[in-house]
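To keep things clear, I will list the structure first and then write my remarks on it.
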Amino acid sequence: MTSPPRHAALSRLESDGPELLIGGVPIRRLAARVGSTPFYAYDRAALRARIEPLRAALPEGVLIHYAMKANPMPALVGYMATLVDGLDVASGGELLVALDTGMTPADISFAGPGKHAHEIVQAVAAGIVINIESAREIELAARAAEQVGNIARLAVRVNPAFELKSSGMQMGGGAKAFGIDEERVPGVIRQIRAAGLDFEGLHIFAGSQNLRVDAVCEAQRQAIETGLRLSGEADVLLRSLNIGGGFGIPYFPGDQPLDVTEVGQRLGGVLTEHAPALDDTAIIVELGRYLVGEAGYYVCRITERKESRNEVFLVTDGGLHHHLAASGNFGQVIRKNYPVVVGTRMDAPPGDPVDVVGPLCTPLDLLARRMPLPHAEAGDLVVVLQSGAYGLSASPTRFLGHPPPREVLV
Ligand SMILES: *Cc1c(COP(=O)(O)O)cnc(C)c1O
């Protein structure tokens, strides 16, 4: 039997004998401390270790925002708030978590199509930046400003004419629900200023999960040039220009990490080219997955080792109801395995391929398919890596009525 590729290369795993270490804690002890399986664990030191080199790679002065929809766990967002320059929220609920961190409201921004009137009131009352995605949102912001007696800080989210190539999820270019079509933006900026509202700048987010330096850099260049052109046409200065993010992380066989040093160097080149025009503009990159994805682990316990017609199934207490993305049902076209290890058998060699499945009564509840893992039994802990982004909060926890997993920051 040919051995299929398992998953993306694993560089950062630490273990002590048979046990995987998470944040330096052996996994059995961590499971005992959490009190029940399954659970998500996020490694504080890994979060910090991710941001420091990124900051060093980006040109001086470029601001890093955390897009908290990638992982909205309050303790994690609170820790991220000490490491980044701003937070991006996508709902009134996320806004409350962001404010709880103590982040300066002017460094919080709110994007998302179809913002509800009460969310816009919340945002204006809090004094955060609203990334406007329609003319309706401008009217709601004007009304909210009057109602709560606060200025409305508005940036305009642009639906650019360009696309982020080879992106996992495209969110710009062509006809989109996100942002305002580029050609209409100068008019919208004039409308904001005519209404006496505060114009902050532009937000251009083209897509997600990109591992190609060329594609990311091209999108950044286009975002900067588009931003400058639009502000020129509207005859305004940009206090901030949010050039999006889209930095990906490796999940699957053949995926290579994004070279952020190269991205930073090329971005530096583009910024230098446009230096005088951008002197008073804060350049922001907003990242979710790249900042938190690799720092997260989903840990579940094998309930039963089961054989069926010569295939082995490790049946666990965790599954797609907690981790839809790892099951392959969150935006994947062809199902591929997330990296999975047996966290209590780290020193054992891989054996014959097995399937790791969850307890749900559906064939979609699959955490690993035909993966050559070490021999494991009931009681062993299976760990899905790269699980810090779009994990629990992107999963259908009510499906089949099992209890939700705990989440800890280690
Ligand atoms: C989802 C989203 C992000 C985060 O995307 P990642 O791929 O997790 O980095 C950033 N900005 C906006 C506007 C988003 O909608």
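Please report how many Lys pairs in the chain have alpha carbons closer than 26 angstrom, counting only residues at least 8 apart along the chain or sitting on separate chains.
Numbers: 69/115; 69/165; 69/176; 69/336; 115/176; 165/176; 165/336; 306/336.
For the chain, the number of qualifying lysine pairs is 8.
Could you tell me, in Å, what Rg and Dmax come out for the Cα atoms of the range 48-162?
Using the Cα atoms of the range 48-162, the pair Rg, Dmax is 14.7, 44 Å.
Can you pull the one-decimal nm distance between simple spin-label points at residue 304 and residue 214, each 7 Å off the Cα toward Cβ?
Going by the 7 Å Cα→Cβ label model, 5.1 nm.
Please list the non-local residues whose amide H lies under 5 Å from the amide H of residue 252, H modeled 1.01 Å from N, same-chain partners needing a gap of 5 or more.
Result for residue 252 returns 8.
Can you compute 3J(HN,Hα) from phi for each residue in the range 71-76, using the Karplus curve 6.51 cos²θ - 1.76 cosθ + 1.60 with θ = phi - 60°, rounded to whole Hz and x for Gly and Pro?
Each residue of the range 71-76 in turn: 7, x, 3, x, 5, 5 Hz.
Set Lys and Arg Cβ to +1 and Asp and Glu Cβ to -1, take the dipole of the chain about its Cα centre, and tell me which of 324, 232, 22 lies farthest positive.
The one lying farthest along the dipole's positive direction is 324.
5 Å is the cut-off here: which amide hydrogens, built 1.01 Å from N in the peptide plane, fall below it relative to residue 22, excluding neighbours closer than 5 in sequence?
Close amide H contacts, sequence-distant or interchain: 27.
With all protein chains present, calculate the accessible area of residue 289 using a 1.4 Å probe and round the result to the nearest 10 Å².
The accessible area of residue 289 comes to roughly 30 Å².
For the range 201-356, what is the Kirkwood hydrodynamic radius in Å, using each pair of distinct C-alpha atoms? Could you put the intermediate results ahead of the total?
Working: mean 1/r = 0.0528 Å⁻¹.
Taking every pair of different Cα atoms in the range 201-356, averaging 1/r and inverting gives 18.9 Å.
Go through 109, 15, 91 and list them by solvent-accessible area, largest first, probe radius 1.4 Å. Mind showing how you got there, number by number?
Values: 109 10, 15 60, 91 35 Å².
Output order, biggest surface exposure first: 15, 91, 109.
Under a 5 Å amide H to amide H cut-off, with H placed in plane at 1.01 Å, what residues pair with residue 407 once short-range neighbours are removed?
Here the answer is 40, since their amide H atoms fall under 5 Å of that of residue 407.
At 1.4 Å probe size, put 100, 347, 43 in order of accessible surface, largest to smallest.
Working: 100 135, 347 105, 43 20 Å².
I get 100, 347, 43, largest accessible area first.
For a protection proxy built on the mean count of beta-carbon atoms within 10 angstrom, sort 142-154, 291-303 highest first, please.
291-303, 142-154
Tabulate in residue order the Karplus-calculated ³J(HN,Hα) for the range 195-203, using 6.51 cos²θ - 1.76 cosθ + 1.60 with θ = phi - 60°, rounded to whole Hz; enter x for Gly and Pro.
7, x, 9, 7, 9, 8, x, 10, 10
Give the Kirkwood hydrodynamic radius (Å, one decimal) of the chain, defined as one over the mean of 1/r across all pairs of different Cα atoms. It would help to have the intermediate numbers written out before the result.
Details: mean 1/r = 0.0447 Å⁻¹.
Kirkwood radius, the chain: 22.4 Å.
Take residue 36 and residue 397, extend 7 Å from each Cα along the Cα→Cβ direction, and tell me the distance between the two endpoints in nm.
Result for the modelled spin labels: 1.1 nm.
Beyond 20 Å, what share of the Cα-Cα pairs of the range 310-405 remains, rounded to the nearest whole percent?
On the way: 1462 of 4560 pairs.
In whole percent, the share of Cα-Cα pairs in the range 310-405 beyond 20 Å is 32.
Express as a percent, rounded to the nearest 5, the fraction of DSSP beta bridges in the chain (both residues included) that run antiparallel.
Working: 28 of 66 bridges.
Around 40 percent antiparallel, to the nearest 5.
Using 0.36 nm times the number of residues separating residue 161 and residue 190, minus their current alpha carbon distance, what extension gain do you get?
8.4 nm
Largest first, how would 104, 397 line up by accessible area (1.4 Å probe)?
Values: 104 75, 397 45 Å².
So, going from the largest accessible area down, we get 104, 397.
What translational D, rounded to a whole number of µm²/s, comes out for the range 8-71 from Stokes-Einstein when the hydrodynamic radius is the Kirkwood one over Cα pairs, at 4 °C and 1.567 mPa s? Please list the in-between numbers first.
On the way: Rh = 14.4 Å.
After rounding, the answer is 90 µm²/s.
The values are calculated or read from the model by the stated rules, or taken from the named source; none is laboratory data. Because the structure is predicted, anything quoted here is derived from the model rather than measured. Heads up, the Cβs are rebuilt from the backbone with ideal geometry, glycines too, and the neighbour counts pull from every protein chain shown. These area figures cover heavy atoms from the full protein model, side chains too; ligands, DNA and RNA do not enter into them. Shrake-Rupley method; radii C 1.70, N 1.55, O 1.52, S 1.80 Å.
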